[in-house]
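**Student:** Could you have a look at this structure, given as structure tokens, before my questions?
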Amino acid sequence: QVQLVESGGGSVQTGGSLRLSCTASGHTSASHVMGWFRQAPGKEREIVAVISWNGANSYVADSVKGRFTISRDSAKDPVYLQMNNLEPADTAVYYCAWAWSGLYYEHDADYWGQGTQVTVSS
């Protein structure tokens with residue numbers, strides 16, 4: 001079992017910044033992928049960014065590329081999502097996800113965090 005705990009959500013105005021963090025505990029080891037998804041009201045959960053177990057490889061969705069950065073220093077460190085130049089369209093519940101192999105779609109995740117609300121006002 002793996003437990004994921006997110007923190008760092010909140011409310012900001014357009015153009016503001018937030019940093020989300022996700023800490024994993026439990027049966028953690030190498031060869032996993034972690035990432036962030038988000039779900040806005042009335043919409044499906046969508047991928048935002050993912051990163052490999054050692055931080056060497058990452059992916060950021062086109063919708064947030066250039067504004068969001070995913071990072072981690074090692075397999076034992078938290079995963080961070082730095083969100084800059086936030087827009088109202090970024091308003092959603094952000095979920096941390098864990099997968100033992102690839103993480104491309106919602107159904108790929110083996111574990112989920114509880115979610116953290118991000119609200120961007122104009």
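**Student:** Please give the net charge around Gly115, taking every other residue with its beta carbon less than 15 angstrom from that of Gly115, where Lys and Arg add +1 and Asp and Glu add -1.
**Tutor:** -2
**Student:** Under the Karplus relation 6.51 cos²θ - 1.76 cosθ + 1.60, θ = phi - 60°, what is the ordered set of whole-Hz ³J(HN,Hα) values for the range 74-80, x standing for Gly and Pro?
**Tutor:** 7, 4, 9, 8, x, 9, 10
**Student:** Solvent-accessible area of His107, probe 1.4 Å, all protein chains present, reported in Å² to the nearest ten, please.
**Tutor:** Probe radius 1.4 Å; accessible area of His107 about 150 Å².
**Student:** For the chain, what % of the accessible area comes from carbon and sulfur atoms, probe 1.4 Å?
**Tutor:** 47
**Student:** Another question, then. May I ask what percent, to the nearest 5, of DSSP beta bridges between residues of the range 3-103 are antiparallel?
**Tutor:** 95
**Student:** Considering only protein heavy atoms, what per residue accessible area in square angstrom results for the chain with a 1.4 angstrom probe?
**Tutor:** Per residue, the chain has an accessible area of 52 Å².
**Student:** What number in nm² do you get for the range 76-116 if you take the convex hull of its Cα atoms and divide its surface by four?
**Tutor:** Projected over every direction and averaged, the Cα hull of the range 76-116 covers 3.9 nm².
The values are calculated or read from the model by the stated rules, or taken from the named source; none is laboratory data. Predicted model only: the values in this text are computed from it and were never measured. Every residue, glycine as well, gets a Cβ built from its backbone with ideal geometry; the counts of neighbours run over all protein chains shown. Side chains included, ligands, DNA and RNA excluded: accessible areas come from the protein's heavy atoms. Shrake-Rupley method; radii C 1.70, N 1.55, O 1.52, S 1.80 Å.
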